[in-house]
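Some notes on the structure that comes next.
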Amino acid sequence: MTVYLVVAAHPDDPDFGVAGSAARLARDGHAVHYLVLTSGDAGSEDPFVPPAELMRAREAEQEAAGRILGLTSVHFLRFPDGELEPTLELRKAIVRVMRQLKADIVLCQDPRSLVDDDSTYLNHPDHRAGGQAALDAAFPAAGNPSAFRGLLAEGLDAHKVKEVWLYFAGRQHVNHFVDITETLDQKVDALAAHASQLGDWATSGGLRAEMTKWAEETAQRHQLAFRYAEAFQRIVLEAEPVRPPE
Ligand SMILES: [Zn+2]
């Protein structure tokens with residue numbers, strides 16, 4: 001069993017990026033955890049909704065999505081939405097969770113993405129900040145006993161992350177693909193659980209159509225042998241040790 005930790009800036013980000021893969025890995029018997037850095041308290045067009053109310057609603061939606069996908073757990077760090085920065089405080093908080101869960105493989109947003117490949121989307125600054133903090137937590141801090149020494153007093157020994165998979169990476173970077181043909185429906189259902197964000201789009205069928213198109217285009221663009229895919233840039237930090245010849 002491998003321990004996967006998906007780090008995301010906002011509720012719903014991990015479901016857009018990796019939900020099909022998360023459901024597939026959970027179905028295959030792996031532990032899959034989500035770590036959401038904010039609780040989406042800026043995710044309303046109505047500035048008079050109290051932030052605490054929005055946080056509760058959005059955490060509940062993310063937890064419901066997690067149950068649909070068969071996740072092992074969903075964690076929230078509750079940093080302020082819209083104000084995420086790749087600070088040492090955020091890095092340390094992520095390292096803490098990586099060590100608690102003994103994450104083998106970390107999935108996070110690609111902090112290099114400013115604009116999408118089709119020039120139709122400006123990436124949210126929280127996505128870049130969260131991705132940067134997650135990368136910096138994965139290497140070297142999680143595995144370095146001298147980094148954030150206070151964590152040792154919490155009983156959290158250094159733990160080396162073996163791989164990082166960047167999601168929402170540009171086309172020129174992706175090198176790893178997960179077959180989500182059998183879990184695309186779970187992805188759509190998980191996203192539909194974010195009713196405060198995607199309500200009408202989900203109920204009208206637009207969400208299903210768009211997620212199907214994304215996954216199909218990914219598979220076709222990379223000439224994969226399966227119908228629907230999610231794409232990642234996989235970085236292997238710690239290869240299996242090579243046995244010296246006898
Ligand atoms: Zn987001």
Provide the per residue accessible area, probe 1.4 Å, for the chain, rounded to a whole number of square angstrom. 49 Å²
ASN175's amide H: which non-local residues (gap 5+, or another chain) put their own amide H closer than 5 Å, with H modeled 1.01 Å from N in plane and none for Pro or chain starts? PHE232, GLN233, ARG234
List every residue whose amide H lies under 5 Å from the amide H of LEU37, counting only residues 5 or more places away in sequence or on a different chain, with H placed 1.01 Å from N in the peptide plane. ALA8, ALA9, HIS10, LEU77
Plugging the Kirkwood radius over Cα pairs into Stokes-Einstein for the chain, at a temperature of 4 °C and a viscosity of 1.567 mPa s, what D comes out in µm²/s? 70 µm²/s
Check every DSSP H run in the chain and write down those whose alpha carbon atoms cover 15 angstrom or more along the long axis and whose mean Kyte-Doolittle hydropathy is 0.0 or greater. 88-101
Let me make sure I get this right: for the stretch 101-246, a, b and c are the square roots of the gyration tensor eigenvalues over alpha carbons, sorted descending. Under 1.5 in a/c it's rounded, otherwise prolate if a/b > b/c, else oblate. Which is it? prolate
Quick one: with all protein chains in place, what share of the accessible area of the chain is carbon or sulfur, to the nearest percent (1.4 Å probe)? 51 percent
If the only charges are +1 at each Lys and Arg Cβ and -1 at each Asp and Glu Cβ, what is the size of the charge dipole of the chain around the Cα centre, to the nearest 20 debye? 820 debye
Relative contact order (%) - criterion: Cα under 8 Å, at least six apart; region: the chain: 23 percent
Taking H as built 1.01 Å from N, whose amide H comes closer than 5 Å to the amide H of ALA42, not counting residues under 5 places away? ASP81
Among DSSP beta bridges whose residues both lie in the chain, state the antiparallel percentage, nearest 5. 30 percent
Compare the Cα positions of PHE148, LEU224, ILE180 along the charge dipole of the stretch 102-225 (+1 at Cβ of Lys, Arg; -1 at Cβ of Asp, Glu; about the Cα centre) and return the one farthest towards the positive end. PHE148
Starting from the Cα of LYS92, draw a straight line to each of the lysines and keep only those under 16 Å, dropping any in the same chain fewer than 8 residues away. LYS102, LYS160
Arranged from highest to lowest average of other beta-carbon atoms within 10 Å per residue, in what order do the peptides 209-219, 10-20, 228-238 appear? 10-20, 228-238, 209-219
Sequence neighbours fewer than 8 away in the same chain don't count; with that in mind, list the lysines whose C-alpha is under 22 Å from LYS187. LYS213
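The values are calculated or read from the model by the stated rules, or taken from the named source; none is laboratory data. Nothing here was measured: the structure is a model prediction, and the numbers come from that model. Every residue, glycine among them, receives a Cβ derived from its backbone with ideal geometry; neighbour counts consider all protein chains shown. Note: areas computed on protein heavy atoms with side chains; ligands, DNA, RNA excluded. Shrake-Rupley method; radii C 1.70, N 1.55, O 1.52, S 1.80 Å.
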